[in-house]
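First comes the structure, then the notes that go with it.
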Amino acid sequence: MGSEPRAFDRTWPQRGFLAAAARPMFLLAALWAAGAVALWQWAPSVIARLPDPLSWHIHEMTFGFGGAALAGYLCSAISSWTARAPIQGLPVALLALLWVGARVALLVPALPAWVAALCSVAFFWSVAALLVIEARRAGKGWQPIFITVAMIGGAISGTWTLFMATGAFHPAFPAIAVLGFAAMLIHIGGRMVPAFLDYAAKWEGRTVRAVPALPRRLTLVAVVAAAASLSYGAIDVASFALIAAGLLMLLYIATWPLAPAGRDVLLAILTIACVWVPVGLVLWGLSLLGIGLAPAEAQHALVLGAMGGHFMGLGARVFAHRTAEGLKARAGVGMAYLLILCAVPARMAGLLDLSAALWCLGWLGFALAMAPHLTSPLPRPVFSGSRL
């Protein structure tokens, strides 16, 4: 009786590139992280043909790169909420096709703007629809926050794409996009990373205190307040909200059992990525007061440091070694992350070519490390090693 396989085990896919959305979508995210920056930095003749090159760059580093990684995570992590196999096969292929279609349509000025907008909206709304379908099939696992975020993300991305055709997008869109992804990192990473650290600390025999949820929730409130303030042009209010959010996040991180991150590459990547969140928020808030960096440089701490680290840390877990001690990073992952980590201060210091080169090399190295493991048997759960 005890050895009888559960339905969850029987329906888990054996192998294949489309066995979980994390495989194609994290690979696409890695390739586009390098490709979009390379086009922006070293292909001015291509970018100059676009109606609004700067808007394209910001959109692709958030809704392009970030959107791919977010879809890969949500459509694979759904199995932990529903106790079903992750979304696989044709729906995953369609998601990838819609994502690629949006990227191609944005780079071809001859195509009507509505083509890229339609692909962008359809991509994000398909993620939301798949989450709803899986929750209904399982009778549990509803994730209203993620469903709502996917719906709103599609609406903003599609509207932004249409504005790009006129060369004048809403000035609040970049801030809303960056802060929206920051909020997702705080919500997802702010619960997942301390849980991983807690598990590792307990495995090492350490006594672990409970991590309070209040600082994380207050951080999210402050981020939302900052986004609303920037939307209405209340710059001073936004600056103080950003600084408050950063300090609250630092307070929250200080309650985590951080010691295991010093001995594990995968934990170190995610923990450092979490630290970039308060650093980026505080620097951004100070920049709005005229202190320190310009706002654009401060925002790169969030996009490159926090988003880049979180998505590489999650992607690396998809193809990591499964051991009795948990997940262990594959060869090359640590070096790939070190490259993108070094790209962040280089970008903030204005060393654009160096930063772009480090960033692109890091993500291409990560894609190379990932590639040999994209068709092997898919372990479960996708993002953790608690079950062997």
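The values are calculated or read from the model by the stated rules, or taken from the named source; none is laboratory data. Predicted, not measured: the structure shown is a model, and the values here were computed from it. Please note: Cβ atoms are built from the backbone with ideal geometry, for glycine as well, and neighbour counts cover all protein chains shown. Calculation scope for accessible area: heavy atoms of the full protein, side chains included, ligands and nucleic acids excluded. Shrake-Rupley method; radii C 1.70, N 1.55, O 1.52, S 1.80 Å.
Overview of values
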{"quantity": "Translational diffusion coefficient (Stokes-Einstein; Kirkwood radius from C-alpha pairs) of the range 244-388 at 20 °C, 1.002 mPa s, in µm²/s", "calculated": "133 µm²/s"}
{"quantity": "Accessible area in square angstrom per residue, the chain, 1.4 angstrom probe", "calculated": "41 Å²"}
{"quantity": "For the chain, size of Cβ-based charge dipole, Lys and Arg +1, Asp and Glu -1, in debye", "calculated": "1180 debye"}
{"quantity": "Hull shadow area, averaged, the range 15-100 [alpha-carbon convex hull, nm²]", "calculated": "6.0 nm²"}
{"quantity": "Sulfur and carbon atoms: percent of accessible area, the chain [1.4 Å]", "calculated": "70 percent"}
{"quantity": "Around HIS187: net Lys/Arg minus Asp/Glu count, Cβ-Cβ under 13 Å", "calculated": "+3"}
{"quantity": "Debye intensity ratio I(q)/I(0), log10, the range 109-194, q values 0.23, 0.24 Å⁻¹ (C-alpha model)", "calculated": "-1.11, -1.15"}
{"quantity": "Cβ-placed point charges (K, R +1; D, E -1), dipole of the range 82-224 about Cα centre in debye, nearest 20", "calculated": "480 debye"}
{"quantity": "Charge dipole (the range 281-388, unit charges on Cβ, about Cα centre) - positive-most of ALA320, ALA367, TRP284", "calculated": "ALA320"}
{"quantity": "Peptides ranked, highest mean first, by Cβ atoms within 10 Å: ranges 62-68, 156-162", "calculated": "62-68, 156-162"}
{"quantity": "Under 14 Å, Cβ to Cβ, from ILE133 - net charge with Lys/Arg +1 and Asp/Glu -1", "calculated": "+3"}
{"quantity": "Listed residues LEU130, MET151, TRP42: farthest to the positive end of the dipole of the range 29-175 (Cβ charges)", "calculated": "LEU130"}
{"quantity": "Alpha-carbon centroid distance for the pair the range 285-326 / the range 134-161, whole angstrom", "calculated": "23 Å"}
{"quantity": "Given charges at beta-carbon only (K, R positive; D, E negative), |dipole| of the range 229-388 in Debye", "calculated": "660 debye"}
{"quantity": "Hull shadow area, averaged, the range 112-267 [alpha-carbon convex hull, nm²]", "calculated": "12.0 nm²"}
{"quantity": "Formal net charge of residues neighbouring TRP276 (Cβ-Cβ distance under 14 Å; K, R +1; D, E -1)", "calculated": "0"}
{"quantity": "Computed over the range 233-388: relative contact order in percent, which uses C-alpha pairs under 8 Å that are six or more apart", "calculated": "20 percent"}
{"quantity": "Per-residue [θ]222 nm for the chain (sum of -39500 (n - 2.57) over DSSP H runs n ≥ 4, rounded to 500)", "calculated": "-23000 deg cm²/dmol"}
{"quantity": "Residue-level accessible surface for ILE291, protein heavy atoms, 1.4 Å, Å²", "calculated": "90 Å²"}
{"quantity": "Label-to-label distance, nm, for residues given as LYS328 and VAL224 (7 Å Cα→Cβ offset)", "calculated": "4.3 nm"}
{"quantity": "Gain on full stretching of the segment that runs from ASP236 to ARG137 - 0.36 nm per residue minus C-alpha separation", "calculated": "30.9 nm"}
{"quantity": "FRET efficiency, 1/(1 + (r/R0)^6) with R0 25 Å, evaluated for ARG263 and ALA371 via beta carbons", "calculated": "0.35"}
{"quantity": "Order by protection proxy (mean Cβ within 10 Å, highest first), peptides 193-205, 131-143", "calculated": "193-205, 131-143"}
{"quantity": "Whether the range 1-151 is rounded, prolate or oblate, judged on the alpha carbon gyration tensor where a/c under 1.5 counts as rounded", "calculated": "prolate"}
{"quantity": "Over 16 Å [Cα-Cα, the range 320-388], rounded percent", "calculated": "57 percent"}
